[in-house]
1. Among the candidates Ile63, Ile58, which residue alone is within 18 Å of the chain's Cα centre (by Cα) and either of a type in the set (D, E, K, R) or surrounded by fewer than 16 Cβ atoms within 10 Å (Cβ to Cβ) (or both)?
2. Looking at (1) modelled with pLDDT of 85 or more; (2) assigned to a helix (DSSP H, G or I), which is the one condition that is false for Leu37?
3. Name the pairs: first residue in region 242-268 and under 14 Å from Ser345 (Cα atoms) and assigned to a helix (DSSP H, G or I), second residue aliphatic (A, V, I, L, M) and modelled with pLDDT of 90 or more, Cβ to Cβ under 9 Å, at least 6 apart or on different chains?
4. What pairs can you find where one residue is in region 270-286 and touching a residue at least 60 places away in the same chain (Cβ under 8 Å) and in a helix (DSSP H, G or I), the other is buried (at least 22 other Cβ atoms within 10 Å of the Cβ) and polar (S, T, N, Q), and their Cβ atoms are less than 8 Å apart, with a gap of 6+ or different chains?
5. Being touching a residue at least 24 places away in the same chain (Cβ under 8 Å), over 28 Å from Ile297 (Cβ atoms) and outside any helix (DSSP H, G or I) is the filter here; which residues of region 40-71 pass it?
6. Does region 66-83 hold any residues that are among the β-branched types (Val, Ile, Thr) and open to solvent by 80 Å² or more (accessible area, probe 1.4 Å), and which are they?
7. Answer yes or no: is there a residue in region 124-133 that is modelled with pLDDT under 85 and either in a strand (DSSP E or B) or open to solvent by 30 Å² or more (accessible area, probe 1.4 Å) (or both).
8. For Ser153, which of the numbered conditions (1) under 26 Å from Gly348 (Cβ atoms); (2) among the small types (Gly, Ala, Ser); (3) modelled with pLDDT of 85 or more fails to hold?
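The values are calculated or read from the model by the stated rules, or taken from the named source; none is laboratory data. Please read all numbers here as calculations on a predicted model, not as lab measurements. Here Cβ is always computed from backbone atoms with ideal geometry, including for glycine, and neighbour counts include all displayed protein chains. Note: areas computed on protein heavy atoms with side chains; ligands, DNA, RNA excluded. Shrake-Rupley method; radii C 1.70, N 1.55, O 1.52, S 1.80 Å.
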Amino acid sequence: MIKDILNHTRGDRWIWLIIILLSLLSVLAVYSATGTLAYKRGVGSESLMFKHLLFIIIGFVLIYFAHLLNYRYYGGISKILMIITIPLLLYTLLFGSTMNDASRWIAIPGTGLTFQTSDLAKLALITFLARTLTKKQENIKDVKKAFIPIMGSVCLVFILIGLANLSTALMLFGVSILLLLIGRISFKQIAIVCVGGAALLAVLVFYGPRRETYKSRIHAYFNPEMQHADKTFQQDQAKIAVASGGILGKGPGNSTQRNFLPHPYSDFIFAIIIEEYGMVGGIIVVALYLLLMFRIIKIVTQAPKAFGALLAAGLGFSLTIQALANMAVAVNLFPVTGVPLPLVSMGGTSILFTSVAFGIILSVSKDVEEYKADLKATNKEEKVIVGEIPAVG
């Protein structure tokens, strides 16, 4: 059975390897980092680890079936996803589960699970943008036919996510700008978008419902010496974890900061990885995500269709930018954002939607392989035909 599955597995082998390595690291890191959480819930760490492992396994199933589906079908699906996403984001803001003054989750009735709607919104907007930019290429410079419809969807999603989760909204906005550049939107229009985005950002930071949280985090980041210990507690504990890891780390399962660092299994899991596996382990994780981006860029440059290139680029940028942001927060290069490390942090819906994104990227990669194989076969046939032409005279 496993052999049959491997025979039907296509796409970039390096990306498959990266997915496997990150998943293995995830299981080890989450098992080590959930000790305190397990104690608070009155359960064993093994139960949380097996629950996380179950999501990883389901994620692999999603990757497998998503990569088998021709990526062109995701263009049509994106319209449905956008129709579903907008009302869900509104519902989350009004009636979602609240944590730290932010409504980001919807409780799934009867399951005890929560669903973060911004995960769906990222996937929906990127696939929708890739499709729309492809469809509008003939009128891509037209403000009414291309620019306004495209930016309308970007700004609407940005506002709905940004009211509760500004860091995710900013990253999605940045990915959207990169897609606009690749999709040949004029620099003048993109400059207008950036100015408009900056204005929206200022409104959210200074007048939004979480304005005090944003101001506090930004001020604490730039002026740590002027803050009370409780204002920089997360950053301080992360620094201790990173500093105590040294070159080779304390070894798997030997973290001490997991008992003090808030959310060591999600937002700050990279700090725990460095503490247990050292600077060497941290460099390896960074290298895996950079290698992922390199392989995705290779897919983008070789994709025969614009939609496939835009789709792979958007999803690839989204995953790697999120990964770099999470790791930058853990080592105190960025203010605290609250974004998970893709495919490594604990979080059911995050893992599932990340897996779907990987599956779509591999679907584009599979199409590139088939296209190159067809070209190779065509060239061989042409050579055979030319070789069979008898010499004249």
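1. The unique qualifying residue is Ile58.
2. (1)
3. Arg258/Ile272
4. Hits for this filter: Phe270/Asn326; Ala271/Gln257; Ile272/Ser32; Ile272/Ser255; Ile272/Gln257; Glu276/Ser32; Glu276/Ser255.
5. none
6. Passing the criteria: Ile80, Ile83.
7. No: zero hits.
8. (1)
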